[in-house]
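Data block below; observations after.
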Amino acid sequence: MTDDRIAALEARLRILEDEREIARLMASYGPLVDAGAPEVAELWLEDGVYDVDEVYLSGREQVAAMVASEPHQSWIRGGCAHVVGPPHVTVDGDEAVAVCHSLMVVRADGGFVVRRATANHWALRRTPDGWRVTTRTNRILDGRPESPALLAAGVRGEPAPG
Amino acid sequence: MTDDRIAALEARLRILEDEREIARLMASYGPLVDAGAPEVAELWLEDGVYDVDEVYLSGREQVAAMVASEPHQSWIRGGCAHVVGPPHVTVDGDEAVAVCHSLMVVRADGGFVVRRATANHWALRRTPDGWRVTTRTNRILDGRPESPALLAAGVRGEPAPG
Amino acid sequence: MTDDRIAALEARLRILEDEREIARLMASYGPLVDAGAPEVAELWLEDGVYDVDEVYLSGREQVAAMVASEPHQSWIRGGCAHVVGPPHVTVDGDEAVAVCHSLMVVRADGGFVVRRATANHWALRRTPDGWRVTTRTNRILDGRPESPALLAAGVRGEPAPG
């Protein structure tokens, strides 16, 4: 009886811990990428994918190269905030799906403008080192039908369509 | 002694689980509404209310009709992000109050603009199927005094004023 | 054995509770400050610091005076949302560091504009009354190098540089 109650607590706590770790990973992306920090790439699996509209980054090396690239560094120098919204996370064993919005806000005209509003779908996997991104799929919310489809799949805990 | 420690853990975990479930519900609203998904209405109680400035939606059917309506579908086709901010949740037994900001960001002029910045007050109830919204009250932050009053009531765990 | 399992649960739960309390404190800032509510000052230690670019507020009294000031009240009357993004929290015993973005969104031209996008670094301490802010450091993301440095330090759980 006592053992059963403890085992139930352990299982319930495990769910909260998994979601907390994934939310924490997601909350680190914006600050790290706006800092140009190399840790960005470590959020992904070694062969993880970051698929953003026209850009398809495959593997940590390509993610790290994007962060270090002149175009990205130039956004930082100009003033830039990648605001990643609150996550909705669905864990299923050692796999998880998360969804959120993100806003890319940049300095312009003495204030700031929203350059991109984006649907974010995250597929994640549990590894011995913790949760890592297998594929993050971002699509701009400009009316293209993939973006709403990505949001719906994300809340339903389903893989990114297509 | 062991029983007391386990009971204390169960009670503490219950608080985190309740807040987690409410935060997860709130984080699903934006992605679902920008996807035009029918699940939006299911976040409310059958007779729940969504009270947004000039629009007063009473019951799941009216919420579902708003999502399916031509004006809302037209926002989605034009490009639209309902970004719901991080929640502050106060649970009191089987009732809860949550508060957050939301931004409605829409495609315009080759970029995006913030069409509305809004105070969100959520009243929720525990049901056999989980937490559901009894009344969500949104007021635009354009200087009207209801909006700051709504935010203050939300953080204090009080009902929406008026 | 049972005692060990219970002690492990207690320790794991404590981490989640600490992070939850800090996230909840941070999520209350925006709604409270946009409400002009006196509770804003109570988020800080009695001698806590709020260091925002040109403004350096030292102690609860100065934070409270900022909230009550004519310039701040005038933002509220004009229409204003301080949107504080999802937090990344690192707890180390009785001290913690958190990081997030914030957006100051204000009413203008019949819509809203993003007046400031800001890097937020929070240093917090556990007190008998719960977690409180020792120093919150905000720097605008306009290209000045302090702002990315603040974000990186925040994710790494390090103190604000300089």
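Quick notes
- Annotation for segment B:115-130: no member residue is assigned to a loop (DSSP other than H, G, I, E, B), at positive phi and either surrounded by fewer than 22 Cβ atoms within 10 Å (Cβ to Cβ) or modelled with pLDDT of 95 or more (or both).
- Within segment C:46-60, restricting attention to residues that are touching a Gly at 6+ places or on another chain (Cβ under 9 Å) and touching a residue at least 24 places away in the same chain (Cβ under 8 Å), the residue that is least open to solvent (accessible area, probe 1.4 Å) is C:48.
- Only one of C:125, C:132, C:139, C:115 that is closer than 27 Å to residue B:105 by Cβ, basic (Lys, Arg) and touching a Leu at 6+ places or on another chain (Cβ under 7 Å): C:139
- Check on residue A:133, closer than 25 Å to residue C:139 by Cα, among the β-branched types (Val, Ile, Thr) and either open to solvent by 10 Å² or more (accessible area, probe 1.4 Å) or in a strand (DSSP E or B) (or both): no
- Screening residue B:101 on (1) under 22 Å from residue C:19 (Cα atoms); (2) assigned to a helix (DSSP H, G or I); (3) more than 8 Å from chain A (Cβ to nearest Cβ) shows it passes everything except condition (2).
- Residue check for residue C:86: within 27 Å of residue A:113 (Cβ to Cβ), within 12 Å of chain B (Cβ to nearest Cβ) and over 11 Å from the mean Cα position of the chain (by Cα): no
- If the condition is being in contact (Cβ under 8 Å) with a residue 40 or more places away in the chain and closer than 30 Å to residue A:141 by Cα, then segment A:1-34 contributes A:18, A:19, A:21, A:22, A:23, A:25, A:26, A:27, A:29, A:30, A:33, A:34.
- Taking segment C:109-153 as the range and being within 10 Å of another protein chain (Cβ to nearest Cβ) and basic (Lys, Arg) as the test, the residues that pass are C:115, C:116, C:144.
- Hits in segment C:20-37 (condition: within 20 Å of residue C:124 (Cα to Cα) and within 10 Å of chain B (Cβ to nearest Cβ)): C:20, C:23, C:24, C:25, C:26, C:27, C:28, C:29, C:30, C:31, C:32, C:33
- Residue match in segment A:64-82 (condition: modelled with pLDDT of 95 or more and under 23 Å from residue A:128 (Cα atoms)): yes
- In segment C:61-79, the residues that are within 12 Å of chain B (Cβ to nearest Cβ) and part of a loop (DSSP other than H, G, I, E, B) reach residues that are open to solvent by 80 Å² or more (accessible area, probe 1.4 Å) and modelled with pLDDT of 95 or more with C-beta atoms within less than 9 angstrom, at least six apart or across chains, in these pairs: C:79/C:107.
- Annotation: of all residues in segment A:143-154 being more than 14 Å from the chain's Cα centre (by Cα) and in contact (Cβ under 8 Å) with a residue 12 or more places away in the chain, the one that is surrounded by the most Cβ atoms within 10 Å (Cβ to Cβ) is A:147.
- Tally, over segment C:1-15, of residues that are at the interface with chain B (Cβ under 7 Å from one of its Cβ atoms) and open to solvent by 20 Å² or more (accessible area, probe 1.4 Å): 2
The values are calculated or read from the model by the stated rules, or taken from the named source; none is laboratory data. No experiment lies behind these values; they were computed from the predicted model shown. Neighbour counts are summed over all protein chains in view; Cβ atoms, including those assigned to glycine, are modelled from backbone coordinates with ideal geometry. Only protein heavy atoms, including side chains, enter the accessible area calculation; ligands, DNA and RNA are left aside. Shrake-Rupley method; radii C 1.70, N 1.55, O 1.52, S 1.80 Å.
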